[in-house]
Amino acid sequence: MIIVNTETIPGYRIVRLLGIVQGNTVRAKHLGRDIAAGLKNLVGGELKGYTELLTESRREAMARMMAQAEQLGGNAILNVRFSTSAVTSGAAELYAYGTAAQVEPEAV
Amino acid sequence: MIFQLSLILPNALSLIFAKGERGDLYISLGLFVFLILLGLIVGGMIERRHLADIRVRSEALRSMLVTDLKSFPLADAAQTSSALFVGEVAITGDYLKNFLAVLRNIFGGNIRSFESLLTRARDEARLRVMEQAARQGYNAICNLRYETADVAGRSEGGKNKLIAVAVIASATAYHAKA
């Protein structure tokens, strides 16, 4: 499956548009409870554990989006966008959405 | 949690070394100054090392075309593969930066230390996108987008607000004419 965050794919032609597909994950974001992060708060720098958590969330959200696109019979997702929102219970949601489409290589 | 510790620790210390009211104050003050210095010195070192690392990696990828245009500028018509790459990073400020957040609420205005923190996060996320693309053989990325999230939970009863940001950068990689 071809995934891009632009509206077109170079060298491919859109045959059919299949609508919006999306995937999201919600993760608890309380940094204050994480001991390693607590120590990092003294000297600053990257929170590697937290970055990995984000990567996992993002992969999961995108996987859900791809599954939806496959179900609709698409072979590409265009104009993928990400959105994050804070949920009041102290969690953050990562939301990925895009337009599923059937594309075929352009005749040269 | 560490901020809860910085509240409990002075009390614990003063129970052991109690020299009356004055003793409490000196210990709290001493701990505070120590943490500020820790943030200033060690935090500053870590930040400088990160910035140097970012500079080195940017140099290595100097030849990659990076734009936020949607039109695949200079695309090579012969090579039509393209793919989305996403890079993310979560960075936190040191004790000094977190303390400056409290001052910000009093004095307001521009805080240059936060600006550098966010710039670092964005540069790091963008470099991760570029490196992933380069590893797959692409030499150009377009439609670079950033998404920022505040990932610091409020520490219960903590007097300092944590500063931690997560930045997600995404872009579409393609082959550009050499």
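The values are calculated or read from the model by the stated rules, or taken from the named source; none is laboratory data. If you're wondering where the values come from, they're calculated on a predicted model, not measured in any experiment. Methodologically, a virtual Cβ is constructed for each residue, glycine included, from the backbone with ideal geometry; neighbour enumeration extends over all protein chains shown. These accessible areas exclude ligands, DNA and RNA; they are computed on the full protein's heavy atoms, side chains included. Shrake-Rupley method; radii C 1.70, N 1.55, O 1.52, S 1.80 Å.
Quick notes on this one:
- Residues (open to solvent by less than 50 Å² (accessible area, probe 1.4 Å) and not in a helix (DSSP H, G or I)) located in the stretch B:96-123: B:Gly108, B:Ile111
- Hey, B:Arg122 of a type in the set (Lys, Arg) and more than 19 Å from A:Gly49 (Cα to Cα) or not: no
- Test: residue in the stretch B:128-138 that is within 30 Å of A:Glu104 (Cα to Cα), among the polar types (S, T, N, Q) and either open to solvent by 80 Å² or more (accessible area, probe 1.4 Å) or facing chain A (nearest Cβ under 9 Å) (or both): yes
- Candidates A:Leu54, A:Leu78, filtered to the one that is among the aliphatic types (A, V, I, L, M), open to solvent by 20 Å² or more (accessible area, probe 1.4 Å) and either within 20 Å of A:Thr25 (Cβ to Cβ) or out of contact with any Phe, Trp or Tyr (no Cβ under 9 Å at 6 or more places or on another chain) (or both): A:Leu54
- Restricting the stretch A:81-105 to residues that are within 14 Å of A:Gly23 (Cβ to Cβ) and more than 12 Å from every other protein chain (Cβ to nearest Cβ), the residue that is most open to solvent (accessible area, probe 1.4 Å): A:Tyr97
- On inspection, A:Gly19 qualifies as at pLDDT 80 or above and more than 7 Å from chain B (Cβ to nearest Cβ).
- For the stretch B:143-152, the criterion of being away from chain A (no Cβ under 14 Å) and not hydrophobic (A, V, I, L, M, F, W, C) is satisfied by no residue at all.
- Qualifying residue in the stretch B:159-178 (condition: open to solvent by less than 10 Å² (accessible area, probe 1.4 Å), touching a Pro at 6+ places or on another chain (Cβ under 7 Å), within 7 Å of chain A (Cβ to nearest Cβ) and at pLDDT below 95): yes
- Residue in the stretch B:66-82 that is closer than 22 Å to A:Thr84 by Cβ, away from chain A (no Cβ under 11 Å) and outside any strand (DSSP E or B) present: no
- Filtered residue count, the stretch B:33-65, keeping only those that are within 12 Å of chain A (Cβ to nearest Cβ), open to solvent by less than 70 Å² (accessible area, probe 1.4 Å) and either outside any helix (DSSP H, G or I) or of a type in the set (Phe, Trp, Tyr) (or both): 0
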